[in-house]
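Here is the structure we will look at.
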Amino acid sequence: MSKEQTSRGRAQDRRQVAAGQDHEVRYEAEKMDVSKDEVREAVKSEGNSRKKVERKLSED
């Protein structure tokens, strides 16, 4: 019996920024026109929620 694949995991994964993944940090840095270090600091202070990180980066 095989388990049916759903997209739920992908949608949840897109809502987060993994600070340890260079490609995700680079994507956010280019998107928000900031440095990778600023993205990592935002993740550290706000958590890994993409919305919170982007809000923090747009404030600075």
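The values are calculated or read from the model by the stated rules, or taken from the named source; none is laboratory data. It should be emphasised that the depicted structure is a prediction, and the values quoted were computed from it without experimental measurement. In this analysis, Cβ positions are derived from the backbone assuming ideal geometry, glycine residues included, and neighbour counts consider all displayed protein chains. Keep in mind that these areas ignore ligands, DNA and RNA; they rest on the heavy atoms of the full protein, side chains included. Shrake-Rupley method; radii C 1.70, N 1.55, O 1.52, S 1.80 Å.
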Go through region 23-37 and give me each residue that's assigned to a helix (DSSP H, G or I) and farther than 20 Å from Gln12 by Cα.
Ala29, Glu30, Met32, Lys36, Asp37
If Arg40 satisfies every condition in (1) modelled with pLDDT of 90 or more; (2) outside any helix (DSSP H, G or I) but one, which is the exception?
(2)
Read through the list (1) surrounded by 11 or more Cβ atoms within 10 Å (Cβ to Cβ); (2) modelled with pLDDT of 95 or more, then give the number of the only condition that Ala19 fails.
(2)
Find the residue count for region 37-57, including only residues that are in contact with a helix residue (DSSP H, G or I) (Cβ under 7 Å, 6 or more places away or on another chain) and open to solvent by 80 Å² or more (accessible area, probe 1.4 Å).
3
